[in-house]
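Take this structure, written in structure tokens, and hold onto it; I'll ask about it next.
The values are calculated or read from the model by the stated rules, or taken from the named source; none is laboratory data. Only a predicted model underlies this, so the values are computations on that prediction, with no experimental measurement involved. Reconstructed Cβ throughout: ideal geometry from the backbone, glycine too, with neighbour counts over all protein chains shown. Surface areas here come from the heavy atoms of the whole protein model, side chains and all, with no ligands, DNA or RNA. Shrake-Rupley method; radii C 1.70, N 1.55, O 1.52, S 1.80 Å.
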Amino acid sequence: MIAIFHAPLLQLALPEVIVVCAALLVLAMDILFLRTCRTRIRFAVAAAIASAGCAGAILRLLLAPEQANFLNGTLVANPLTHLVQIALLVLTILTLGISVDSTFTEHVGEFVLLLLIATVGMMFLVGSQDLLVIFISLELLSLSLYILTALDKRSARSSEAALKYFLFGGMSAAFLLFGFSLLYGFSHSTSLAEIASAIHAFHLGGSHIHGSQLNPLLAIAIVTTVIGFGFKVAAAPFHFWAPDVYEGAPAPSAAFIASGSKVASFFIFFQILVVGFAGAEGSAAWSRIVPGWVPALAIVAALSMLLGNLVAIVQRSARRLLAYSAIAHAGYMLLAMVAHTQQSFAALLYYVVTYALATLGAFGVVAVVEKQTGSDQLSNFDGLSRRAPVLSFCLFIFLLSLAGIPPLAGFFGKFYLFASVLAASSSLGLLWLVVLAIAMSAVSLYYYLQVLKRVYVASPAADVEKIQSPRLSRLVIVLLAGAVVLLGCAPHLLLRWILEAVRVAGL
Amino acid sequence: MIAFPWITVLTSVPIAGALVVLGIGGGVGERNKNLARGLALAFSFLALGLTLFLWHHFNSASGALQFQERYPWIPALGVEYRVGIDGLGLLMLLLTSIVVPIGMLASWQIQERVPLYFSLVLLLQACLFGTFTALNFFHWFIFWELSLIPAFFLIKLWGGPRRTSAATQFLVYTMVGSIALLLAFLAIFLATGKFDFIDLAGLAQNGQLMPAVVRNLGWHRFTPEHVALMIFAGAFLGFAVKVPLVPFHTWLPSAYSEAPTGTTILLTGAMSKMGLYGFLRILLPIFGAEMQQVLTPLLWLAVATIVLSAYAALVQKDLKRIFAYSSINHLGYCLLGIFAVLKFTGGDVALTAEKYAAMNGVLLQMFNHGLTAATLFWFVAMLEKRSGGLRGLNDFGGLRKVMPVFAGLMGIALFSSLGLPGLNGFVGEFLIFKGSFPLATWAAALSVFGLLATAIFILGILQRVFSGALNTTWAAMPDLTTGERLALAPAIGLMFALGLYPQWVLAVVNSTVMQMVQQLKF
Amino acid sequence: MMLAWTIYISFLGALALLLLPKGSATLARSLALLTTIVTFAITLTAFVQHRTGALLTVTQKSWIPSLGIEYHLAADGISLILLLLTGIIAIAGILFSWNIERRVQEFFAFYLLLIGAVYGVFLSYDLFLLFVFYEIVIIPKYFLIAIWGSTRREYGAMKLALYSFIGSAMVLVGLLAAYIVAGAKSMALEDLARFPFPLHFQMWAFPLVFVGFAILAGMWPFHTWAPTGHVAAPTAASMLLAGVVMKLGAYGCLRVAMTLFPLGLGPWGFHVLGLGSWRDVFALLAVIGIVYGALVALVQKDFKFVIGYSSISHMGFILLGLMTLNQLGLAGAVVQMFSHGVLAGLLFAVVGRMVYDRAHTRDLATLGPMNLNKAIPFAAVTFVVAGMASMGLPGFSGFVAELMILIGAWRAFPLFAVCVGIGIVAGVAYIWRAMQQAFFAEAGVEPTSMQPPLPPISIPERLGAILLIGASVAVGLYPQMLLNVILPALHSPLFDGLRKGSWQ
């Protein structure tokens, strides 16, 4: 039995603690003092406190960066986790920013609380290399998200979406748990590093002459893990919940699900696979496919890209369109795992962060439009550029960034991602995936342009007036657009940190 | 004196004129029109003056190129700006300078878009000057092609009822010829890297040109002779259409008859000489050997041109069409002379003299035909003006009685065209026949039928238009005004002058002719 | 070095236009015009000062050091010419869209964005940067057509955007692969051009990248975006599209595909249908494009389609010139890029602005009775001049360019040269037919007094036409001006691979 020193543990988890404290404070303030005030004020105060908490956590992470590996990977702190945690906190603040003017719920305190709790879940998720902690934080995150989805009680859709999300989420948790238990049985440990060494030892043990044969137990574990996380990141064919949730959830919740939780899930997915399943990669190179988790992921990635992009073409609702585009983007990001190199990890992080920024912004704009026109049908975007020029321009930037048009962040993300994927395997073995991805991103331009066409080309209906967008949301959206442009023009601002962190973390 | 770029200045005078005349195009009203006409005429006289100046300072004892200017232009393509004139060029310049004012005077009554009309005429003149002075294929071809544009629009916009098809036919024929010509010269350039006529002629003279072409093009599927002939055929087609040579002539009658008469004067007087000039300046020196190989068919073509066109003129009822065919006929004589010169004579001195004669005849005939045909069409224009556009052979009759001066002067021009001794037409034709008979006896003999037919239709015109019973419709037709008489006087005078003293022209061209013939070392 | 400012000024101009107060159309136009004039002045100065045509680095800064990507702008003779072309077309385009009344500021903002990106492509020396600018072009192009276009504008715009994007996707695959194979250290053109890529790699990468760029250059059979796009676009956009955007494709073919993968042009070692290399294949496609474009233009009823297809025919000349792989052919291709840019711009200006905006129809049969040569003589004259130039009349730029390409082609593919002759004849024919039917048709009936007279040609239009005609004539009469800078550029180390390989 190892003695647990609580002080260092607390010190290490101080950012998370700050966020939790903020969450509790928000709840207390809201319930105790602000029950009778207008929703707007309650939201403002709650968001202010929550943002302060997040900012505090960020400061802590920035000012006292420390490296630690607590209890054999149960809690890990290194520049990389710090970076990702900071990104998550920033996304949370931005989500709070666009939710301040929402009117969908009376439960302001609860909403913000859940948001922060989910953030804490994500932070722990990022900062751990132990199956148990990973699973617990994942559930913490998921449960918060389920409720966030259902929070709009007036909308039947919201509840339906939440139920669907819950069912699928529960199923994925079951798969994950099953897979994790097999892994534990295989390696007698929940630590990723030890699982990896067990797999290594198994291969070295000569129980199989060729590395190309997988232990059946391990194979099942791989498959269930991929399925489990496939649900989380909404990759085809495990994506069924995504369109409904994106469509039904209150806009801020949907934005949060699409941005923050994506970042965390991808990060930890990569960690588990690369650290935990080291040695069972296999290969997805054209003409040389070796069983392992890489070919499995390659198939999932290819499916996601195809399905996401092709189905997105026929969507009539902006949110469903974003959902399918999210599926497609999950496909691109899975390529990074197929490549599983340090480069591709850095590319993945860059991609997922910039993707989160753009999606968050897009949801912000959709939320504003929805609030004014009552629905997110694409036809409601007709002539938006005449009604809200600034918002339209921001949407223009977000969608083009998602489509991968330079000089926006999405383009560099794609470029770097594809380059790192190509570089991963000798003699361009993964070229087929890259070709598919690039071809599909050409398709994606079509549906993004369809939206922009409505915004810029179509004439507004005769009776609509100018859209009044809340000042704060507009500020946040403009900030996001600025960030997307800036990161596209000068990717090195972010990339430098990511590369440094990945190098130090030594993945 | 030589250093001054006389030729460039000469070419730019009409261009400047065209721009100036076009520039005043905005206004309407009679004053504006008269201004445009007057200015255009002034510019054409300026050009005439310059040409006479060149004529005066031309050293006629030398057959070499004079007033040369030579500057590098596009070294990568072997293109230079090189202009210069010898006797041939000078003669053509003079002819152009004379014909253009005639054409302008003949179109004085044009009412629509006067400035545009006259600026196009001046532009055409510039192109003609350019064509007759350029010594490098590149800018020669620029002028050659560019001349089509004003000509096309002159027909298209001011022509008769079927002007559109006439203009298009004219353009398409010439364009096809030009593209063939272009391809041929590209092939030559590809093999030799040269676009310069004089250099190419030099190569051809040494017998190096075609071997080089055959070797460098690498078209090994064909025999060398065939390659040479194919290239020659391309170039030949370009000029044959322009002259025109039967059977490439079908564009000409409709173009000439549909064009406003002033334009027809330019077409026949000056533009038809572009083709002949091409034969003399380009085909003869550069493709002499190939032409000699196919001499017999060529002679047949020349004979066909002479005879068939004369007979075609015989059956026409429209004065302009008659003169159009007669033009083909006269140019046919020139071709006959040119082809006859190519006859291999093995250095026979006597026959060389005949060659000189034929060649002198050709040049003289070119000038004469330009002058005579222009004058004839001018008469037609005057007749049209009086008759309100009618010009059929049978529309008139007995005009001699109401307009004796007109009849007399036009009679002189007609006789000049017929080749009556004492008038200019005779000398040229005589020299050509004198030279051709010993060289290509059968062809010359057959061509006499053409002379015969010409005589018949010319006399027919005289009879039907001027003699016989007076057509009462025209009883009040006015005779030539004093102004018209004065304007016609130089042209008629020139006909007599050249008929009586051809030496005036021959002296200038003789050295050039001798040199040209000597270059053909057969 | 000032050249980089062409990009910045254009982008700043676009930004300024968006920030202008609403409702100041004249101000917006003047600002846009001023911007393009300044950029043109810069390119002209650079062109005049930089007589040698050798490579000239404009700016070189580290951009994404971890990937070896630099912000590297440079210009050699070829890019200088295309920059100059861009400057000319940009000014003319604004002059010809002076009558835009709807959403003026946005129009010119998109316009300047497009111009800036085009400058960027021609100036980029780092392939990543080049690709960035290359893709930026797509978006303003789409909106210019979709918002301000005419016939089936949304369809045309989307088709154009997708074709471009698919083309650039192919380019991206090729560039990425090249970048990785070369060790992922640098995206600089010269580094990659110097890298000895394995033969089999070049054999697939070359056609991929070449076709990717050639889609934008309107290569048959990937040309179908061009006619619909051109027809749908507003005048200025057609001018830009045909004038410079198609040149981006051709420029990419020469600058990227051919320098990076010279061995891809070499023989396959076997023959399929008589074709023994990608070079043969693309030359054949180019010739088909020339003939096909001309023949299809011959039977069009819509005036603008005639010009649209003529562009395909002329772009075929450029591609053929590239495939000749000899100095004359390549130089001719570059001259043709300039020439076609100017002339296509002019033709579209006549059809789209002078005729369509006045007569509100482009149907040749309907235009005929309007007796346009009397109603708007300036348009008629301009079209005649532009048409003549475009059909290759000597004295204009088209002639020199096509002459050089023909000579080059005659050396490399004698048989194709003859086919090209057919294309030229057809070219004469379609210009002639369009001119006859649109401007000089026999007016069957005198124009009735019911029909209001067409507004006269405005001053900006006249200026624009004169500018473009002047450019064409200047090049036609003194092509050495361009060749002086093209030839040294073709002899730069960049084209070493090409010269050593299959250069003749």
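Test of the criteria: in the range A:230-284, which chymotrypsin sites (Phe, Trp or Tyr not before Pro) are in a DSSP loop and have at most 16 other Cβ atoms within 10 angstrom of their Cβ?
Passing both the DSSP loop test and the Cβ count: A:Phe240.
Per-residue ellipticity at 222 nm for chain A, helices alone: DSSP H runs ≥ 4 residues times -39500 (n - 2.57), over residue total, nearest 500 deg cm²/dmol?
-24500 deg cm²/dmol
What list of ³J(HN,Hα) couplings, whole Hz, do you get for the range A:109-120 from phi and the Karplus terms 6.51, -1.76, 1.60, once you set θ to phi - 60° and write x for glycine and proline?
So the Karplus estimates, Gly and Pro as x, are x, 5, 4, 5, 4, 4, 4, 6, 4, 4, 4, 4 Hz.
For a test of the definition: using alpha carbon positions, the gyration tensor, and the 1.5 limit on a/c, classify the range C:5-102 as rounded, prolate or oblate.
Oblate, because a/c is 1.5 or more while a/b does not exceed b/c.
With a cap of 12 neighbouring Cβ atoms within 10 Å, and only residues DSSP puts in a loop, list the chymotrypsin sites (Phe, Trp or Tyr not before Pro) found in the range A:1-53.
Numbers: sites: A:Phe5, A:Phe33, A:Phe43; in loops: A:Phe5, A:Phe33.
Taking the range A:1-53 and a limit of 12 other Cβ atoms within 10 Å, the loop chymotrypsin sites (Phe, Trp or Tyr not before Pro) found are A:Phe5, A:Phe33.
Further question on the same structure: How large is ³J(HN,Hα) for each residue in the range B:42-53, as worked out from phi by the Karplus curve 6.51 cos²θ - 1.76 cosθ + 1.60 (θ = phi - 60°), to whole Hz, x for Gly and Pro?
4, 5, 5, 5, 4, 4, 4, x, 4, 4, 4, 4
What lysines could a cross-link reach from A:Lys153, if we take a straight Cα to Cα line under 30 Å and drop same-chain neighbours fewer than 8 places away?
Straight-line reach from A:Lys153, under 30 Å: A:Lys164, A:Lys232, A:Lys262, A:Lys371, A:Lys466.
Through the Karplus equation 6.51 cos²θ - 1.76 cosθ + 1.60, θ set to phi - 60°, convert the phi angles of the range B:228-245 into ³J(HN,Hα) values in whole Hz; use x for Gly and Pro.
Values per residue, Gly and Pro as x: 4, 5, 4, 5, 4, 4, x, 5, 4, 4, x, 7, 4, 5, 6, 4, x, 10 Hz.
List the residues whose amide H sits under 5 Å from the amide H of A:Phe70, counting only those 5 or more places along or on another chain, with H placed 1.01 Å from N in the peptide plane.
A:Leu75, A:Val76, A:Ala77
Follow-up. Ignore the peptide's own chain and count Cβ atoms of other chains within 10 Å of each Cβ in B:137-144; give me the average, rounded.
Per-residue shielding by partner chains comes out at 3.
Go through the range A:419-490 and name the trypsin sites (Lys or Arg not before Pro) that are in a DSSP coil and have 16 or fewer other Cβ atoms within 10 Å of their Cβ.
A:Lys466
Check which residues have an amide H placed less than 5 Å from C:Ala188's amide H, if you skip close sequence neighbours.
So C:Ala188 has HN proximity to C:Leu127.
Could you pull out the longest piece of chain C with no exposed loop trypsin sites (Lys or Arg not before Pro) in it, calling a site exposed if DSSP puts it outside H, G, I, E, B and it has at most 10 other Cβ atoms within 10 Å?
Details: sites that count: C:Lys22, C:Arg102.
It works out to C:103-504.
Right, here's the next one. So who's got an amide H within less than 5 Å of the one on A:Ala284, skipping anything under 5 residues away but keeping other chains? H placed 1.01 Å off N, in plane.
The list, which skips near neighbours in sequence, is A:Val290.
Cross-link list B:Lys320/B:Lys355; B:Lys242/B:Lys401; B:Lys156/C:Lys159; B:Lys156/C:Lys247; A:Lys414/C:Lys61: which exceed 31 angstrom alpha carbon to alpha carbon?
Where the Cα-Cα span goes over 31 Å, the pairs concerned are B:Lys320/B:Lys355; B:Lys242/B:Lys401; B:Lys156/C:Lys159; B:Lys156/C:Lys247.
Net charge near C:Ala344: determine it from the other residues with C-beta under 12 Å of the C-beta of C:Ala344, scoring Lys and Arg +1 and Asp and Glu -1. Display every interim value, and only then the final one.
Numbers: positive: C:Lys247, C:Lys304; negative: none.
Taking every other residue near C:Ala344 into account, the sum is +2.
Run the reach check for B:Lys273 against aspartates and glutamates, Cα to Cα strictly under 15 Å, same-chain hits fewer than 8 apart removed. What comes back?
Within reach: B:Glu145.
Per-residue mean of other chain beta-carbon atoms within 10 angstrom of the beta-carbon, peptide B:74-80?
Working: counts 11, 4, 12, 10, 0, 4, 0.
For peptide B:74-80, the averaged partner shielding equals 6.
Under a straight-distance cross-link criterion of Cα-Cα below 17 Å, which aspartates and glutamates are reachable from B:Lys385, leaving out those fewer than 8 residues away in the same chain?
B:Glu112, B:Glu258, B:Asp318, B:Asp395, B:Asp479, B:Glu484
Within chain C, what's the longest run with no GluC sites (Glu not before Pro) in a DSSP loop and at most 12 other beta-carbon atoms within 10 Å? Give the range, please.
C:102-441
Buried by at least 30 Å² relative to the chain on its own: which residues of the range A:440-462 qualify, computing accessible area with a 1.4 Å probe on protein heavy atoms?
A:Ala442, A:Leu445, A:Tyr446, A:Leu449, A:Lys453, A:Tyr456, A:Val457
Same structure, new question: What longest region of chain B stays clear of trypsin sites (Lys or Arg not before Pro) that DSSP places outside H, G, I, E and B and that have at most 13 other Cβ atoms within 10 Å?
B:318-520
Here's something else I'd like to know. Which value, to two decimals, describes the C-alpha radius of gyration of chain A once divided by 2.2 N^0.38 Å? Provide the component values of the computation, followed by the final result.
Values: Rg = 22.0 Å, N = 507, 2.2 N^0.38 = 23.5 Å.
Output field value: 0.94.
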